[in-house]
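Report on the following structure.
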Amino acid sequence: MVILLLFGFMFTASVDRTNVGVGQSFVVTVNITGENLSGVNEPNPPSIESVDIIGSSSSHSTQIQFINGRMTKSTTISYDYTMVAREKGEITISPFTIKYEGKEYSSDPVRIKVTESKEQGVIIPAKRGGVRRPENQVFIECTVNSEAVYPGEGVLVTFELYTRVNLQDVNLASLPKYDNVWVEEVSSPKRLNFKKTVRNGIEYSKALIKQDLIFPLKEREIKIAPLEMDVVLGGDIFSLFGETRRISSQGKEIRVKPFPEGQPEGFIDAVGDFEMGVELDTSTVEAGTPFPLRLKIIGAGNLPLLSPPELPNTRRMGVFRPESEERTRIEGGTIKGERILTYLITPEESGFLEIPALKWAFFNPQKKGFVEKIVGPFRIIVLPSRRKSDTLNVRREDIAFIMPVDERSIPLIPRFLLLYLLLPLAILAASVYYVWERKKILKDIDYARIKAIPAELQRGFKRLQNEATPDRAELFYEELSRLLLKFLKLRFRINAFSLRRDELLKELQNRNIKDEFLSGIDLILKRSEKFRFAPTLPDREEMGHDLEKLKGLIRDLH
């Protein structure tokens, strides 16, 4: 995994520790970071009661990075203020201020806790770069935007890496595991983009590792297993250069609350904030001819997961399982967009067909209550089915005879006329097959899923052809693994994206997939992980070889 540090003007204040004793010293460090700091002045320290500033020093450092062939240079000026607290209690170090290029900047306030000290006199802390090994210098933090949700309500899970030391290398050891949830990946950066931040008054470099949006499927507690990483320390306040450590995030638990009592008619599992509308293409139809009714649900919530509303069945019409079309995006910790459900309705008798009102309801977590929606009823005019004539009146003089002329027979009915007579039969046969295929797709979701695989593959292979260049190798292998997991999800109806590689292979093995196919799947996923996170990149020939392997594997499994 590549480590990248983003530069920009920053003005921060932090302390070396947040718990000190009366009479003991502590250091407040003020950092000014930017690409060009010529002419910047020293910060103005605040006046703090019960705290004395007994000394100060400054230092300069420069860091150079090459990002996409462009050199970026950053300078950091650090000011260390040694302070002593005279009284115990909670003390707030007010913001430092500075003026730079006509603007005034202020640091965040820093809080420390001062307790009784058994030692006397001032204790000067160790200098930068010493052998002191304070705790929590590098760690992973898992945060969720909510610890108590309802079934179907989205939870944003974020994993971030914090460090106060230089890291030589980092590698993912294990991904987090979720149980009884639907997982939508929000972000999984190929590079760690570190930015400076102050946490609990202490300055760190922070980078996003992974972010997922999960939806609980049942009313039960969700346990989030830790994410683990191997980090190679690059020295600094740690004495051992190149030391490798395994760190992990803390486990998290999310409570899934039951829905309130009094669920209205039409509520199934929709959770969020939605609007609903209905579209009909026609108001007149023949008996026995299917026509579409489109139900459009727009809003934010568990759009991909909600069960389609059921249209009321009546004696005079038949309703097939709806076909679903989604246009969604992840935004603000939830899924936003629209979902269109197309129902095929077949009127069975002529006359007036009334489609009863559709009652649908969803649960709004923000309002903590149910919202009911009603559309309809709708009235359709059903015309009698047109019948073909059973007989054909034919007159003798209209019949073409074959008359002998010079020992030859001349057909008066041209041969191409036979094609015109057969054409309606061919169209009728194609129509019957189309209706049969359509009904099968609507009734059998597994069959529909398999039928959709070629279109998904065609789009995926086209994207891979465009990415098959060494300078876009990371995107190529990301799309390669994504296409394979998408195929496995559609073909075998498993949530391949939320499983670890070993769990995925075990699940496929349980479905009696041959070992040779399992080895091929394992090889493609391993190579994708290798080239997505390793500093070395493959050439075009290797990428083309991996693409052909994927094509052959999918062809054999499909």
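Taken together, the values in this text are just the output of simple stated rules run on the coordinates, not laboratory data. What you are looking at is a predicted structure, and each value in this text was computed from that prediction instead of being measured. Neighbour counts are summed over all protein chains in view; Cβ atoms, including those assigned to glycine, are modelled from backbone coordinates with ideal geometry.
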Completion exercise
Violations at 22 Å Cα threshold for listed pairs 223/257; 223/489; 296/336; 210/368; 73/206 -> 223/489; 210/368
Practice task
In nm, give the distance between the simple-model label positions of residue 489 and residue 168, each being 7 Å from the Cα along the Cα-to-Cβ direction.
Solution key: 3.9 nm
Handout entry: FRET efficiency for residue 199 and residue 556, using Cβ-Cβ distance with R0 set to 51 Å, rounded to 0.05
Key = 0.50
Exercise for the section: Mind checking which aspartates and glutamates have their Cα closer than 18 Å to the Cα of residue 103? Skip sequence neighbours fewer than 8 apart in that chain. Expected result: 35, 42
Fill in the blank from the handout: Length gained if residue 325 through residue 379 is fully extended, taking 0.36 nm per residue and subtracting the Cα-Cα distance, is 16.9 nm
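What list do you get for 188, 61 if you sort them by fewest beta carbons within 10 Å?
Neighbour counts put them in this order, fewest first: 61, 188.
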Practice task
Treat each spin label as a single point 7 Å out from the Cα along the C-beta direction, and report the residue 529 to residue 145 distance in nm.
Solution key: 2.9 nm
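Using a 10 Å cut-off around each Cβ, can you sort 476, 139, 517 from fewest to most neighbouring Cβ atoms? Spell out each step's value before the answer.
Details: 476 26, 139 17, 517 14.
Exposure proxy ranking, most exposed first: 517, 139, 476.
Is the range 2-115 best put as rounded, prolate or oblate by its Cα gyration tensor, with a ≥ b ≥ c the root eigenvalues, rounded for a/c under 1.5, and otherwise prolate when a/b is larger than b/c, oblate when not? List each step's numbers first, then the result.
Values: a/c = 2.69, a/b = 2.00, b/c = 1.35.
Taking the square roots of the gyration eigenvalues as a ≥ b ≥ c, the range 2-115 is prolate.
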Handout entry: Separation in nanometres of the label points that stand 7 Å from Cα toward Cβ, at residue 179 and residue 86
Key = 5.8 nm
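Of all GluC sites (Glu not before Pro) in the range 473-504, which ones are in loop regions per DSSP and have a Cβ with at most 10 other Cβ atoms within 10 Å? Could the numbers behind the result be given before it?
Working: sites: 474, 478, 479, 503; in loops: none.
In loop regions of the range 473-504 (DSSP not H, G, I, E or B), there are no sparsely surrounded GluC sites (Glu not before Pro).
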Exercise for the section: Return, ordered by residue number, the residues of the range 164-183 whose backbone nitrogen is under 12 Å from a label point located 7 Å along Cα→Cβ of residue 244. Expected result: 169-173
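When you count, for each residue, the other Cβ atoms within 10 Å and take the mean per peptide, how do 520-528, 87-95 rank with the highest first? Don't skip to the answer; put the middle values down first.
Details: 520-528: 17.8, 87-95: 14.4.
Output ranking for 520-528, 87-95: 520-528, 87-95.
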Completion exercise
Restricting to aspartates and glutamates and to Cα separations under 15 Å from residue 373, and discarding same-chain partners fewer than 8 apart, the set is 265, 269, 273, 275, 310
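Loop-only GluC sites (Glu not before Pro) in the range 263-338, please: DSSP not H, G, I, E or B, and at most 16 other Cβ atoms within 10 Å.
On the way: sites: 265, 275, 279, 286, 310, 323, 325, 326, 331, 338; in loops: 265, 310.
Answer in residue order: 265, 310.
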Problem - Per-residue HN-Hα couplings for the range 137-146 [Karplus 6.51, -1.76, 1.60; θ = phi - 60°; Hz; x = Gly/Pro] - result: 7, 9, 7, 10, 10, 9, 10, 10, 7, 7
Problem - Neighbour-count order for 345, 297, fewest beta carbons within 10 angstrom listed first - result: 345, 297
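Averaging the inverse of every distinct alpha carbon separation and then flipping it gives the Kirkwood radius. What is it for the range 192-316, in angstrom units?
Details: mean 1/r = 0.0473 Å⁻¹.
Its Kirkwood hydrodynamic radius stands at 21.1 Å.
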